[in-house]
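First comes the structure, then the notes that go with it.
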Amino acid sequence: MTDLTPHPLHDLLLVVDLQYDFCPGGALEVPEGDRVVPVINRLLPAFDNVGATQDWHPAGHSSFASQHEGKAPFETTSMYYGTQVLWPDHCIQGSQGAAFHKDFQLDACQFIVRKGFRRAIDSYSAFYENDGETPTGLSGYLRERGITRIFVTGLALDFCVFYSALDGRREGFEVILVTDATAAIDLDGSKDAALWEMQDKGVQMTDSKSILQAAGIGASGA
Ligand code: VGL
Ligand code: ZN
């Protein structure tokens, strides 16, 4: 089994989209999305390298069902770059829904990658927009910093976490999904499909307890 001890130079904890709109009561709520906040906070002391992504859409973003006549949220449409799920309006730049959950210890993050800011194209992955080829710049940044392995956490398991994990592999990083530090939207079995595909593409799986144990940090509480 892989040594899970976080390396001070080469390992990164990536926290995906820990924002109010993906938490219960938010515009695109992930069931029990807020449950991951304390889990991620507990992991922070084990990592010297920590960064976050933030879904950051302009009002009227093309991924919003409200922009497509006759379409309802969670239906799909065809965009120039492929099939796109249409979402409720969410994570609008500067709104409370786009803000990080207040209990998430954001101060531990060394960088924040904002994504989805171009009106015409959605961006699930931390690395590429949904055309699969427009980079966010994250791989170059991480490579320059000497990062080789990424522990992925956050929301939503079957969308932004999933695409970030796959693109991390595609970019040549080792990727480890921290299963109890994520939660899924689960549209039509998308959760299981995402887990299978990640495994198929070489994404490793672990849980927060195993990481804290390896790091020698007492796993306190639940
Ligand atoms: C996400 C759908 C739309 C996510 C973001 O963070 O998983 N999902 N925008
Ligand atoms: Zn979005």
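The values are calculated or read from the model by the stated rules, or taken from the named source; none is laboratory data. On a predicted model such as this, the values are computed, not experimentally measured, just so you know. With ideal geometry, Cβ positions are generated from the backbone for all residues, glycine too; neighbour counts draw on all protein chains shown. These accessible areas exclude ligands, DNA and RNA; they are computed on the full protein's heavy atoms, side chains included. Shrake-Rupley method; radii C 1.70, N 1.55, O 1.52, S 1.80 Å.
Under 5 Å between amide H atoms, partner at least 5 residues away or on a different chain: which partners does I147 have, H built in plane at 1.01 Å?
Under 5 Å from the amide H of I147 lies no amide H from a residue far enough along the sequence or on another chain.
In whole Hz, what ³J(HN,Hα) sequence does the stretch 121-138 give by Karplus (6.51, -1.76, 1.60; θ = phi - 60°), x for Gly and Pro?
Whole-Hz 3J(HN,Hα) from phi for the stretch 121-138: 9, 8, 8, 7, 7, 6, 9, 9, 6, 5, 7, x, 9, 7, x, 7, x, 5.
For the chain, report the translational diffusion coefficient in µm²/s to the nearest whole number, using Stokes-Einstein at 37 °C, 0.692 mPa s, and a Kirkwood Rh over Cα pairs.
188 µm²/s
Which of rounded, prolate, oblate describes the stretch 163-222, given a ≥ b ≥ c as roots of the alpha-carbon gyration tensor eigenvalues and a/c under 1.5 marking rounded, otherwise prolate only if a/b is larger than b/c?
In terms of gyration-tensor shape, oblate.
Counting only residues 5 or more places away or on other chains, whose amide H sits under 5 Å from the amide H of F74 once H atoms are built in the peptide plane?
L86, W87
Nearest 5 percent is fine: what portion of the DSSP beta bridges confined to the chain is antiparallel?
Once the DSSP bridges in the chain are tallied, antiparallel ones form about 20 percent.
Work out the count of Lys pairs in the chain where the Cα-Cα distance is under 24 Å, with the pair 8 or more places apart or on different chains.
Counting lysine pairs in the chain gives 9.
Could you give the length gained by full extension between T5 and E75, i.e. 0.36 nm per residue of separation minus their alpha carbon distance, to one decimal place?
Working it through step by step, the gained length comes to 21.0 nm.
Charges on Cβ only, +1 for Lys and Arg, -1 for Asp and Glu, centred on the Cα centroid of the stretch 70-222; of M79, F162, P135, which one is farthest towards the dipole's positive end?
P135
How large is ³J(HN,Hα) for each residue in the stretch 12-17, as worked out from phi by the Karplus curve 6.51 cos²θ - 1.76 cosθ + 1.60 (θ = phi - 60°), to whole Hz, x for Gly and Pro?
In residue order, the calculated couplings are 10, 9, 9, 10, 9, 6 Hz.
Rounded if a/c is under 1.5, else prolate if a/b is larger than b/c, else oblate: which is the stretch 8-66, with a ≥ b ≥ c the root eigenvalues of its Cα gyration tensor?
oblate
Computing the accessible area with a 1.4 Å probe over protein heavy atoms, can you report the carbon and sulfur percentage for the stretch 1-160?
Whole-percent figure for carbon plus sulfur exposure: 51.
Go through the stretch 95-101 residue by residue and turn each phi into a ³J(HN,Hα) via Karplus (6.51, -1.76, 1.60, θ = phi - 60°); whole Hz please, and just put x for glycine and proline.
7, 5, x, 7, 6, 5, 3
Per residue, how much accessible surface does the chain expose to a 1.4 Å probe? Answer in Å², no decimals.
44 Å²
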